[in-house]
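The values are calculated or read from the model by the stated rules, or taken from the named source; none is laboratory data. As the structure is a prediction and not an experimental result, all values here were calculated from the model. Please note: Cβ atoms are built from the backbone with ideal geometry, for glycine as well, and neighbour counts cover all protein chains shown.
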Amino acid sequence: MAGEEIAVTPVIVKKSDPHRDLLQRIERTLVACFAGIITGILSFFIVGDRAVNGINQATILALLIMVAAILVQKHLFILRKIDPANLSGKDWFYQGFMTFAFWFITWTILLTEKLQVK
């Protein structure tokens with residue numbers, strides 16, 4: 001027992017860079033905003049203004065397009081070298097809400113513009 005040596009493995013602690021974290025949060029927000037805007041435009045051109053009152057097949061299709069945009073964000077984060085495993089449920093809720101909000105606003109503005117022109 002007296003002659004035994006214990007191997008000690010050094011623990012490497014990564015210091016969090018607050019500047020880098022802030023830039024990643026801004027980038028995630030921008031991805032959600034642009035995804036919402038793009039899907040709002042896609043919903044307008046794919047679904048159009050045909051019977052968009054209430055919930056029907058057209059609005060469900062537009063919702064599915066928006067949900068697909070939320071799911072694609074994970075892959076965009078991987079391409080941008082943002083680790084999606086570090087995101088908590090709150091972060092994903094934020095991503096989804098921002099995408100939904102921008103999708104809804106964009107689609108509503110485009111539908112309103114088309115209806116006002118007629």
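Just need a number here: residues in region 18-33 that are free of Cβ contacts under 8 Å to residues at least 40 places away in the same chain and within 18 Å of LEU79 (Cβ to Cβ).
Selection size over region 18-33: 5.
Do you know which residues across region 62-86 are touching a residue at least 40 places away in the same chain (Cβ under 8 Å) and within 13 Å of ARG25 (Cα to Cα)?
PHE77, ARG80, ILE82
Just to be sure, is MET98 within 22 Å of LEU23 (Cα to Cα), touching a Ser or Thr at 6+ places or on another chain (Cβ under 7 Å) and either surrounded by fewer than 11 Cβ atoms within 10 Å (Cβ to Cβ) or at pLDDT 85 or above (or both)?
Yes; evaluated as a whole, the condition is true for this residue.
Does LEU76 satisfy the criteria of being buried (at least 17 other Cβ atoms within 10 Å of the Cβ), out of contact with any Ser or Thr (no Cβ under 8 Å at 6 or more places or on another chain) and within 15 Å of ILE105 (Cα to Cα)?
no
Quick check on region 6-59: of everything there that is part of a helix (DSSP H, G or I) and of a type in the set (Ser, Thr, Tyr), which residue is modelled with the highest pLDDT?
Here the answer is THR39.
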